[in-house]
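Data block below; observations after.
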Ligand SMILES: Cc1cc2nc3c(=O)[nH]c(=O)nc-3n(C[C@H](O)[C@H](O)[C@H](O)COP(=O)(O)OP(=O)(O)OC[C@H]3O[C@@H](n4cnc5c(N)ncnc54)[C@H](O)[C@@H]3O)c2cc1C
Ligand code: FES
């Protein structure tokens, strides 16, 4: 579907707890069909500051008799995201979207979903769609501590519904196993459990996953969060290096790329 610039209505603000929160927004009819992995550009203030819109993955998208809704899962890190956390129901928010290329959903057989912290945001809609079509997945979810794993129980429920499981890790051991999320994933890939990996998280995690996926001869896709100025190809500020020495634009060619399309 073509992107539109729309005044979305804030229906709810849910703390997960802070600094993570969800914004539930009423959006135009048709948005519920967007692809998992697509994103929106949100104006976070009414004055000149912050000047640039902020990019957020669509965490969930639903349709009902009363209209279409999207949910954004946000980590409050600076001026824009803190302003969004302070919104109240009824507020109107300029939202441009849906933008970019989402996950392909082309993989067959059991797949692994891997999230680092708020990288979980675009994987919820993907997980829900995989579960609805009966495709098994395991959800590998890593963060620094328990708070860094927002919506842990919801991800676990979706994984169970698909026939899979949730594997959580934290660096301080406050939830799941102690350590980094790539460690249990590496063991699972070595045992041949999965044919494909979907991921989102910090670049260091994605680069490690790219080499694991290549080493096991698997396919995989990653949603990148390269900082963006415009979100639609005008500012050239979101360049992603490709293996052939050229550059892709994260906002138009991505934000979802095959691991093999990026020079990590
Ligand atoms: C395609 C895409 C999808 C995204 N999806 C989500 C999402 O679903 N949920 C979410 O919470 N965030 C997401 N982000 C990151 C989000 O856009 C930034 O956190 C946000 O722009 C920060 O705005 P701010 O005004 O609060 O912070 P600022 O005041 O601009 O910056 C505060 C701090 O955050 C850092 N920062 C700013 N932008 C980014 C970024 N893109 N990645 C990492 N660090 C950044 C800055 O370096 C600085 O240290 C996404 C980014 C992209 C490009
Ligand atoms: S964000 Fe402006 S070109 Fe990609």
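Nothing in this text is a laboratory measurement; each read-out follows from the coordinates by a stated rule. This structure is a prediction, so every number in the text was calculated from the model and none was measured. Every residue, glycine among them, receives a Cβ derived from its backbone with ideal geometry; neighbour counts consider all protein chains shown.
Just a few scattered comments:
- Placing a pseudo-label 7 Å from each Cα along the Cα-to-Cβ vector at residue 79 and residue 232 gives an inter-label distance of 2.4 nm.
- In this simple spin-label model, placing a label point 7 Å from the Cα along the Cα-to-Cβ direction at both residue 190 and residue 145 gives a separation of 3.1 nm.
- Between 0 and 90°, nearest 10: helix 152-161 axis offset from the chain longest Cα axis: 60
- Paramagnetic reach from residue 252 in segment 91-107 [backbone N under 20 Å; point 7 Å along Cα→Cβ]: 96-103
- The alpha-carbon atoms of segment 1-113, seen along their principal axes, cover 47, 29, 26 angstrom, with the largest extent given first.
- Hydrodynamic radius of segment 108-191 per Kirkwood, over alpha carbon pairs, in Å: 12.5
- Efficiency of FRET from Cβ geometry, residue 242 and residue 92, R₀ 41 Å, rounded to 0.05: 0.60
- The Kirkwood radius of segment 157-244, taken over pairs of alpha-carbon atoms, gives through the Stokes-Einstein law at 25 °C and 0.890 mPa s a diffusion coefficient of 161 µm² s⁻¹.
- Rh by Kirkwood over Cα pairs, then Stokes-Einstein D for segment 161-207 at 0.890 mPa s and 25 °C, µm²/s: 204
- Fluctuation leader among 16, 59, 216 - the chain, Gaussian network, Cα springs under 10 angstrom: 216
- Most tightly packed first, judged by the mean number of other beta-carbon atoms within 10 Å of their residues, the peptides 24-34, 241-251, 114-124 read 114-124, 24-34, 241-251.
- Stokes-Einstein D (µm²/s) once Rh is taken as the Kirkwood radius of segment 34-78 over alpha-carbon pairs, at 10 °C in 1.306 mPa s: 131
- Folded to 0 to 90 degrees: helix 123-132 orientation relative to the chain principal axis, Cα: 70
- Within a Gaussian network of the chain (alpha carbon springs, distance under 10 Å), most fluctuating of 64, 154, 178: 64
- Estimated FRET transfer efficiency when R0 is 45 angstrom, pair residue 48-residue 216 (beta carbons, to 0.05): 0.35
- Alpha-carbon spread of the chain, three principal axes, descending order, Å: 52, 42, 36
- Cα-Cα pairs of segment 111-261 separated by more than 28 Å (percent): 19
- By the equivalent-ellipsoid construction on the alpha carbon gyration tensor, segment 210-264 comes out with semi-axes of 23, 11, 7 Å, ordered largest to smallest.
- Candidates 77, 111, 213: whichever shows maximal mean-square fluctuation once the chain is modelled as a Gaussian network with Cα springs under 10 Å: 77
- Note on the chain: antiparallel DSSP beta bridges, both residues inside, total approximately 60 percent of the bridges counted.
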